[in-house]
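Report on the following structure.
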Amino acid sequence: MATKTVQFEIRRQASPDAPAVWENFEIEWRPGMNVVSAMMEIAANPVTADGRPTTPITYDSNCMEEICGSCAMRINGRARMACSALVDNLEQPIRVEPLSKFPLVRDLQVDRSVLFENLMAVKAWVPLDGTYDLGSGPRVFPQEQEANYPLSNCISCTCCMEVCPQFNETTGFVGAATIAQVKLFNNHPTGKVLKEERLRALAGDGGIQECGFSQNCVEVCPKRIPLTNAISDVSRDVLLQKAKDFLRG
Amino acid sequence: MAAPRIIVVGGGLAGLSAVIKIAEAGGKVDLFSIVPVKRSHSVCAQGGINAAKNLKGEGDTTDKHFDDTVYGGDFLANQTPVKAMCEAAPAIIDLLDRMGVPFNRTPEGLLDFRRFGGTLYNRTAFAGATTGQQLLYALDEQVRRHESEGKVRKYEGWEFLSAVLDSKGVARGITALDLRTMELRGFPADAIILATGGIGAIFGKSTNSVACTGSAQSAVFQQGVTYANGEFIQVHPTCIPGEDKLRLMSESARGEGGRVWVPRTAGDKRPIKQISESERFYFLEEWYPKYGNLVPRDIATRAIHKVVYEEGLGIDGQPMVYLDLTHIDRATLDRKLEGILDIYEKFVGDDPRDVPMKIFPGMHYTMGGLWVDFNQMTNIPGIFAAGECEYQYHGANRLGANSLLSCIYGGFKAGPNALTYAKSLESMEGDGGHARELVRQARINTQLLNNSGTENPFKLWRELGETMTKHATVIRYNQGLKQADEKIVELIDRYKNVNLADRSQWANTSFAFARQLKNMLELSRVVVQGARLRDESRGAHYKPDFPDRNDEQFLKTTKASFTGSPDGPRFDYEAVDTQYIKPRPRRYDATN
C-alpha cells in the first residue's frame, strides 16, 4: 500500500523585494499532524513535490499549542494559527500564505510589531508606584474577574487585524486587539487612572471610529474574545470623553 | 559615572522581572530575545504560582512551603535561597495582583487558591488554567511602560551567541545575531543576565516551546561557566502525546479533582462508561493514599510508567492512561480549567468534559542549569542567571507551581544584584575583548555557511532527541547512558559535515538552528554523563540498579565544566546547604 501523503502549496518569497512563487510539497501523513509540523518535515527534507531541492521555509512558531500567538498565517484563505490547523480537518492541497496586512520578511514570516506599538500608544498597563511590597491588591469580585479574564487571553496573533477591512494604510486603524486591551485596563481598579488618556488615544485618526462593524474580527479570533462588545463599549466611552473634553474647552 | 548598562537575555518571566527591577532602580537595560518577549515560553505555564498566604484557614506557612519544596526536591537544593524564595512568595503574589493579573477570586473578592502536587495545602494562586500567560503579560506590560520612558531597549529577533570576556575573564558584553538581517554584532555591557529558560529541545519532543534549546546556556558553559545538576530533568506525568510535541496537561487538572486510572483488566475494550468504579484501577490513590493524585511529578511519572510497562495496563495496550475530569460539573471546569481543556479539545478532538483524557509522561522541566551563587551570579564575574536556565531552587525535582515563583524571584534578585555588581566594576582595558570575540563568532558563521557536507541539521536533531528520550528520561541505566554519550559524540562528529540547504543571508532559519544544534549537542553530554556518574536514585533521577538515595555519597551538587576534550566535561561535586532541614527519607506512600 502506498504511504498516505498530504499535499501542500506554500507561497514563498525570499525577501520583501523578491518575487513571490508557489512551491508544492507532498509530505508523509502522520496522525495528529498540523501545518507547523508539516513545515518541520520540510525542513528535515527540503525537496518539492516534483523532486527539486529547495530551502526550508521561514515562518514564526514557538509554543505549538496556540498560546504564544506566533504562527498566524493564512491557511486555505483563512487567517488562523498554524499549530492548531490539523491537517485532517483541511481540504487539500492545503494552501499556506503569509498574513497580507503586515510587512513581509520572508516566506510566511511577517513583521507584526505594529500591534506592540499600538499597545504602547494606548498605555495598556496598570501604572504601579513600584514593585516593592505595598501590600495586597484591590478586591475584585469573581464576576469582575470572569468578565475581564477573556480580554486578558489575547495572544497578539493579529488575526483580527488581518481580516479587518478597515485595517489598512489609508485608515491607520489600530484594530480590535488594541481596543479590547483598552477596555481591559479601563476596567481595572488601578488601571482606570489612565482611562482618559487611553480614550483620547483612540479618538483621533486611526482610532475607534474607523471601525466599520464588519464583525470579521470576532469570527476569526482563536481565543473567542468578545471583540465586538469591547469595540462598542469603548466606542461609547470615547464619545463620552470627546463630549467631556469639548465641554471643558 | 554613567548609569550602568545591563544586558538581559531572554524575555520570559525571569528576564522581564530582572528588567523591571533594573529600570526601577535607574539602570539602563538592553533586552534580547529570539521571539517578541510576549511570545516567550513562560506563556505556556498553566496551573498557577505557589505562595503560603494561608487564605483558606489551613494554617499554611512559608516554613511549610519551604519544607515541601526541599522535601519535594529530595534535599538536593541549597536551602538558604529556597527559604528566602518561599518567604518572598506572598508579597510577589500581592505585587502580581496589583499589576492586574486576573487571578481567580473567592466570593468575597479575595485571591482563590488551589492544591497542587507535593503539598497538602491549598497554596496555588491561579488565573484559570493560563496562569503563565497572565503573569507574562502583566510583566510584559510593565516592561512596555519602562520602554516608553526610554529605560529599556528591546532587541527582539536577536539571538545571543556568546559572552564577551576581557583578558581577566570578566564579562563585558555579548555577541548576538540579528535573525532577520543575519548581522553579527557586539553589545557592550557592565553585566549580563541570562534568563533563557529550559533545554527541552535536546529531547526532541517535550512540553517546551521551540525556542527552548538551551543554546545560550551551552554557549556560556563552553566559555567557562559551570553547569550544575544537569542530570535532573523533570518528566511531567500528564502530557498529550503528539508527533510534533508533547502538550502539557496541567497538574491543576488533578488539583481540581482529576483522577488518574486504567481499566484493571489489560486490553479491556468496553466503552469507558461500562467500566464500573470497582473495575477501574486508580493506582495513584491506591499506592499513595495520603497525597493520592497529587504526589510529586517524579512519583506520578514512575507510577504511570510502571502501570504501562510492568503491569501492561496501558489503554488499548498503548502507552497511555486516563486523566478523568468527567465527574466534575462543566461550569466549575470552565471557570477553573478552560484553557487546558480547550487545548485538549483542539489537538485531540475529544471534549474532556465528556470523556477522560488520554495522557502519558513527557519531558517538561530542567531542574539543573547554570551554576549560580546566592546572588544569582555564575562563576564568571558579570554573568548572572535567573529562571529555568539556572539550577538553584528545585533540587532533584520541582514541585508544580514553584517554577513561576522561582522565575520571578530569581529575576528580582538577579536584576538588583547585577546593578550593584556593575556599579563597582572597574573600567575595562582596551575594547574588553569585543574584537576578538566577534572574530571568533564570524569564523564559526563563515565555516557553517560554506560547509559542503551531507548532513541535514534537522535530521541530526531528531536522532539526538530520540537518544536522549530513550536513555535519559524516566528510567536510566548506565549502559544506556554510555550508549547515549557515544551517540552524541557520533552526532558531534557528523555535525562537521552539516550542509545548510539555505546559504542566504536573510531570515535564514536553518543557519540559526544549526548554530543552536551544536550547542545542544555539547549540553547533552552534560546531562548523560552527569546521570551516569550519579549512582543513586534521587527525585527525577532514577536508576533501577541503584534504587535508593545515597546521601553519604551523593548529597552533592554536580558541577560540570567544559574542557574541550573528546571525553567531555569535567565533573566536580559540591556540598549541599542543609542547615535548616535535616535530610530525611522521602516517602509519599506513608500514610502519616
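Once both axes come from the Cα atoms, what is the angle between helix B:62-72 and the longest principal axis of chain B, in degrees from 0 to 90, rounded to 10? So the helix axis and the longest Cα principal axis differ by about 90 degrees.
When the trypsin sites (Lys or Arg not before Pro) in region B:1-90 are filtered for DSSP coil states and for at most 16 other beta-carbon atoms within 10 Å of their beta-carbon, the remaining sites are B:56. If I fit a long axis through the Cα atoms of helix B:478-495 and take the longest principal axis of the Cα atoms of chain B, what angle between them do I get, 0 to 90°, rounded to 10? Helix B:478-495 sits at roughly 40 degrees to that axis.
Taking every DSSP beta bridge that has both residues in the protein assembly as shown, what percent is antiparallel when rounded to the nearest 5?
Just about 75 percent of them are antiparallel.
Scalar couplings 3J(HN,Hα) for region B:147-159, obtained by applying the Karplus form with A = 6.51, B = -1.76, C = 1.60 to θ = phi - 60°, are 5, 5, 9, x, 8, 10, 10, 8, 10, 8, x, 10, 10 Hz; x denotes Gly and Pro.
Quick one: of B:64/B:423; B:358/B:470; B:64/B:543; B:64/B:413; B:487/B:559; B:290/B:582, which pairs are farther than 26 Å apart, Cα to Cα?
Numbers: B:64/B:423 37 Å; B:358/B:470 21 Å; B:64/B:543 29 Å; B:64/B:413 22 Å; B:487/B:559 23 Å; B:290/B:582 22 Å.
From the list (B:64/B:423; B:358/B:470; B:64/B:543; B:64/B:413; B:487/B:559; B:290/B:582), the Cα-Cα distance tops 26 Å for B:64/B:423; B:64/B:543.
Counting other beta carbons within 10 Å of each Cβ, put B:434, B:65, B:236 in order, fewest first. Write down the numbers at each step before the final one.
Numbers: B:434 21, B:65 28, B:236 24.
Listed from fewest to most nearby Cβ atoms, that is B:434, B:236, B:65.
Normalised by residue number, the volume inside the convex hull of the Cα atoms of region B:205-256 is 105 Å³ per residue. Averaged over the residues of A:140-146, the number of partner chain Cβ atoms lying within 10 Å of the residue Cβ comes to 6. Straight-line cross-link reach from residue A:4 at under 14 Å between alpha-carbon atoms covers these aspartates and glutamates, not counting any fewer than eight positions away in the same chain: A:26, A:28, A:88. Can you sort B:86, B:239, B:389 by how many other beta carbons sit within 10 Å, fewest first? Placing the least packed residue first, the sequence is B:239, B:86, B:389. Taking a straight line from the alpha carbon of residue A:242, these lysines sit under 28 Å away, with near neighbours fewer than eight places off in the same chain left out: A:123, A:183, A:192, A:195. Relative to the longest principal axis of the Cα atoms of chain B, the long axis of helix B:330-348 lies at roughly 60 degrees. Taking 15 Å as the straight-line reach from the Cα of residue B:306, the aspartates and glutamates in range (excluding those fewer than 8 positions away in the same chain) are B:285, B:286, B:298. Peptide B:501-511 has a mean shielding of 6, counted as Cβ atoms of other protein chains within 10 Å of each residue's Cβ. Shape annotation for region A:113-248: C-alpha extents along the principal axes are 46, 40, 28 Å, from largest to smallest. For region A:113-248, the relative contact order works out to 30 percent when only alpha carbon pairs closer than 8 Å and six or more residues apart are counted. Here the Kirkwood formula puts the hydrodynamic radius of chain B at 24.3 Å, using every distinct Cα pair. Computed from backbone phi, the HN-Hα couplings of region A:58-74 come to 8, 7, 9, 6, 8, 7, 6, 9, 6, 9, 8, x, 6, 8, 5, 7, 9 Hz, rounded to whole numbers (Karplus: 6.51 cos²θ - 1.76 cosθ + 1.60, θ = phi - 60°; Gly and Pro given as x).
Amide H contacts under 5 Å for residue A:47: A:54, restricted to partners 5 or more places along the chain or on a different chain, H placed in the peptide plane at 1.01 Å from N.
Volume per residue of the convex hull around the Cα atoms, evaluated for the protein assembly as shown, comes out as 169 Å³. Applying the Karplus relation 6.51 cos²θ - 1.76 cosθ + 1.60 with θ = phi - 60° to region B:298-312 yields 3J(HN,Hα) values of 5, 5, 4, 4, 5, 5, 5, 4, 5, 4, 7, 8, 8, 9, x Hz, where x marks Gly and Pro.
Taking amide hydrogens as placed 1.01 Å from N in the peptide plane, the amide H of residue B:281 sits under 5 Å from those of B:262, B:264, each at least 5 positions away in sequence or on another chain. Considering only A:193, A:218, A:110, the mean-square fluctuation computed in a Gaussian network model of chain A, springs between alpha carbons under 10 angstrom, is largest for A:193.
Restricting attention to region A:211-249, which trypsin sites (Lys or Arg not before Pro) occupy a DSSP loop and are surrounded by at most 13 other Cβ atoms within 10 Å? Spell out each step's value before the answer.
Numbers: sites: A:223, A:224, A:236, A:242, A:244, A:248; in loops: A:223, A:224.
Here the sparse-neighbourhood loop sites are A:224.
Per residue, the average separation of C-alpha pairs within less than 8 Å and at least 6 apart gives chain B a relative contact order of 22 percent.
Fewest neighbouring Cβ atoms within 10 Å first, the residues A:173, B:562 line up as B:562, A:173. Its residues counted as N, chain A yields a C-alpha radius of gyration over 2.2 N^0.38 Å of 1.19. Relative to one another, the C-alpha centroids of region B:346-376 and region B:142-179 are positioned 29 Å apart. Short-range pairs are left out: with C-alpha atoms under 8 Å and at least six residues apart, the relative contact order of chain A is 16 percent.
Quick note: the coordinates plus some simple rules give every number you see, no bench work behind them. Every value quoted in this text rests on a predicted model; they were computed, and no experiment measured them. When we count neighbours, we look across all protein chains shown, and the Cβ atoms used for this are built from the backbone with ideal geometry, even at glycine.
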